[in-house]
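Inspection log for the structure reproduced underneath, given as structure tokens.
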Amino acid sequence: MESTSRTFEDNARKALIDADLRRALTKLGHGFPVKRRMAVERLPEFEGLRDAARAIKEDVLENLDFYLERFEERVVEQGGQVHWCVDAAEANQAVLAICQEAGARTVTKSKSMIGEEIAINEHLEANGITPVETDLGEYIIQLRGEPPSHIIAPAIHLSMDQVTETFRQCHDGLAADRELSEPRDLLEEARAILRQKFLAADVGITGANMLIAETGSVAVVTNEGNADLTMTLPRVHVVIASLEKVVPTLEDATTILRVLARSATGQETSVYTTFASGPRRPGDSDGPEEFHVVLLDNGRGAMLGGDFHDVLRCIRCGACLNHCPVYGTIGGHAYGWVYSGPIGAVLSPGLIGLEEAGHLPNASTLCGKCEEVCPMRIPLPKMLRHWRTRQFDRDLVPPASRAALKGWAFLAKRPALYRAATGLAMRLLGALGRRRGAFRRMPLAGGWTAARDLPAPEGATFMAQWSRRKGARP
Amino acid sequence: MTTGRETILGNIRKSLNRGPLSAERAAGPEHRLKAAKPNLVPARGAVEGAERVALFIAEAEKVDTTVSRVAAAAEVPGVVAAYLAAHDLPTALKAAPDPALADIPWSRQSTLAVRQGGPEGGDEVGVTGALAGIAETGTLMLVSGPHSPTTLNFLPDTHIAVLTTGAIDGTYEEAWARLRAAGSEGPEGAFMPRTVNLITGPSRTADIEQTLLLGAHGPRRLLIVIIDDQGP
């Protein structure tokens, strides 16, 4: 998809006045985080499992070439194929070639963030093949021509009325006055339409939550069962996955699964966890005749061992989005590209460039909640700071901010001068603001005071008060 | 086939500042794959006998699965007929071509019409076995094969799974061990069936305003019938 991250500030401003979005985000804030906490409290080993999951992924990243080659060997032994793709264009080409070879007209898809990253739907459509998203949320936003606004709940930004309107517009041949006033009505209509699509599709495309090196299996997790129908009914199953999804064994996958659903939705486990290993076997009465894994690098190999190495542990649970005060205020679309929230602010500059996504690492208060809840213990705030440093080093920071940062750095490195300057500023602001208690406007801080008042300081800095109190103690 | 493979592996090795793993350095990961072993396993599943069955039932019921317990296979048809009647469901069943299911005396319930085979359009109630139950989360493990078509687990509106108490494991790790043992006669690493389905409750979605609804794409309801094969 085309990124709109450059206009992040405008996107965010629009999000703030979108009433439907506000309601949806309020609901989100009361939903997933509470359920996650309850699930974590029920499992005394949760913190230990986070450590174990992290250790598994660290071993994987250290030996990534070895595990990927082993995974491929197993897939081939079972009659499948692995397609190694350096970038999005190669991956799109590989998927298209498989579909064309199969003479495909329609393709069912279960939700895949890699699919979004490479924009596979656009590529298939441009070549005369119709992709049909089958995850309910993903199906709704596909009808509306929107990108997902959340990693695991792609239509979280929409109200039921908006979905009703979309179904009335897009589902031809149904009675115009049919009942669509309850979520159940909408689900039944989508279920009936998509069941026909499942049965008619020539190729099924799924993502992968994990790739198992030991067995050459692809692990896919859903609550709806849509990935299972997508991979079992059509003649060809195509998996699109990025390199770092590989894990060594079934036991290792199990450890990661134990933290995945709990972190994501607060479920003990998702309804369907499926391990698919190659095509149909002798004696099988169902299953695909072809099994392909399209393996995408897209810059990930180059991230190993560098400042952003740790982000390769991500299992796309969405916990950092659910707990982020910024995401919770503006939603996912404002971020302007496929990945949103803290993980998006770290991934996007690496994938589409710091010039394009430079606003995102700055859209954070660095409160640290994302790192606190990340099941893989990814130090997201540290990485946001890495991007900010690079922005400064590469001269991508606007001149005024740059000058302000330089001025602040100059002061911060000279404690005596810093104390004198801040002491003077506090006394001055304190004197000016004493009468009203707050400033409605402040020169050079118009952006900040546009939406809030600046409380007037009481006349002394924290450090001055601290040394006075310390001095007063016996 | 693609040069992508060499480029990607080369990128990885360049970032890691090394060439392909030497035999010596590969020994660690090699061993990890050959001798797969459990990591930290939650204590919740470390229960035996009646307690394990009780945990399985409690966890399954938490996620909207209905569980019935019977003393012998002969009682399965009665329980199934009662469940279908209570939910006002059709009494034509499609059972997986599994010998264990064929041994159930379905004909004792004259109201049930049972056929064995893979699903066809219009099958509303599917009956399957299961390789294992996992007490830790009330989960079923189903594997594909000539006796167990995967589509039967997903297409019918109602899924009925028949399980013996002896097939209930405490943890996922025990269920994997069971699966490895079941396929141990094949070549190394080839114990894995084409499809392993871990199923925990009926299909669901919360994609419309976070309202939880059962029956998204898979079965709308799940009944597990547990046959006691371990005595009281």
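Please treat every number below as a calculation from the coordinates, not as lab data. Quick caveat: nothing in here was measured; it's all calculated off a predicted structure. Counting neighbours? That spans all protein chains shown, and the Cβs are built from the backbone with ideal geometry, glycine included.
Computed over the alpha-carbon atoms, the stretch A:43-301 gives an Rg to Rh ratio of 0.98, Rh here being the Kirkwood radius from the mean inverse distance.
Taking the Cα centre of the stretch A:98-227 as reference, the dipole from Cβ charges on Lys and Arg (+1) and Asp and Glu (-1) amounts to some 240 debye.
Secondary-structure-derived ellipticity at 222 nm for chain A, considering helices only, amounts to -15500 deg cm²/dmol, per-run term -39500 (n - 2.57) for DSSP H runs with n ≥ 4. The equivalent ellipsoid of the protein assembly as shown has semi-axes of 48, 29, 27 Å, largest first, where each one is the square root of 5 times an eigenvalue of the Cα gyration tensor. Give the calculated FRET efficiency between A:LEU432 and B:THR211 to the nearest 0.05, with a Förster radius of 45 Å applied to their Cβ-Cβ distance. Efficiency at R0 = 45 Å is approximately 0.30. Computed from backbone phi, the HN-Hα couplings of the stretch A:260-272 come to 5, 5, 4, 6, 7, 10, x, 6, 5, 7, 6, 5, 10 Hz, rounded to whole numbers (Karplus: 6.51 cos²θ - 1.76 cosθ + 1.60, θ = phi - 60°; Gly and Pro given as x). Sparsely packed loop sites in the stretch B:2-81 (the trypsin sites (Lys or Arg not before Pro) outside DSSP H, G, I, E and B with at most 16 other Cβ atoms within 10 Å) comprise B:ARG18. Annotation: amide H of B:ASP169 within the under-5 Å range of B:GLY133, B:ILE134, B:ALA135, sequence separation 5 or more or interchain, hydrogens built in the peptide plane.
Across chain A, the mean sequence separation of Cα contacts (distance under 8 Å, 6 or more residues apart), normalised by length, yields a relative contact order of 20 percent. Averaged over peptide A:299-307, the number of partner chain Cβ atoms lying within 10 Å of each residue's Cβ comes to 4. Calculation over all alpha carbon pairs of chain B in 5 angstrom steps from 0 returns a P(r) of 1, 6, 12, 15, 16, 14, 10, 8, 6, 5, 3, 2, 1, 0, 0 percent. Against chain A, whose longest principal axis comes from its Cα atoms, helix A:399-412 is set at around 60 degrees. At a 4.7 angstrom Cβ threshold, list every cysteine in chain A that has nobody to pair with, or say none. Cysteines lacking a close Cβ partner in chain A: A:CYS85, A:CYS99, A:CYS170, A:CYS314, A:CYS317, A:CYS324, A:CYS367, A:CYS374.
From most to least packed by mean Cβ count within 10 Å, the peptides A:423-429, A:99-105 give A:99-105, A:423-429.
Less than 5 angstrom separates the built amide H of B:ARG221 from those of B:HIS159, all sequence-distant by 5 or more or on a different chain.
Counting only other chains, and only Cβ atoms inside 10 Å, what mean value do you get across the residues of B:11-22?
Across the residues of B:11-22, the mean count of other-chain Cβ atoms within 10 Å is 5.
Rounded to two decimals, the Cα-based Rg/Rh of the stretch A:224-349, with Kirkwood Rh, is 1.01. For the segment B:118-125, counting C-beta atoms of other chains within 10 Å of every residue's C-beta and taking the mean gives 1.
Simple spin-label estimate for A:ARG13 and B:ALA182 gives 6.1 nm between the two label positions (7 Å along the Cα-to-Cβ direction from each Cα).
Kirkwood-based Rg over Rh for the stretch A:410-472 (C-alpha set), two decimals?
Expressed as Rg/Rh, it is 1.04.
Put simply, the amide H of B:VAL114, placed in the peptide plane, has neighbours under 5 Å in B:LEU93, leaving out anything fewer than 5 places away on its chain.
Between the Cα long axis of helix A:19-42 and the first principal axis of chain A there is an angle of about 80°, rounded to the nearest 10. Across chain B, C-alpha contacts under 8 Å between residues 6 or more apart give a mean separation that, scaled by the residue count, equals a relative contact order of 23 percent. Per the Debye formula on identical point scatterers at the alpha carbon atoms of the stretch B:24-77, with no solvent, log10 I(q)/I(0) at q = 0.25 Å⁻¹ is -1.03.
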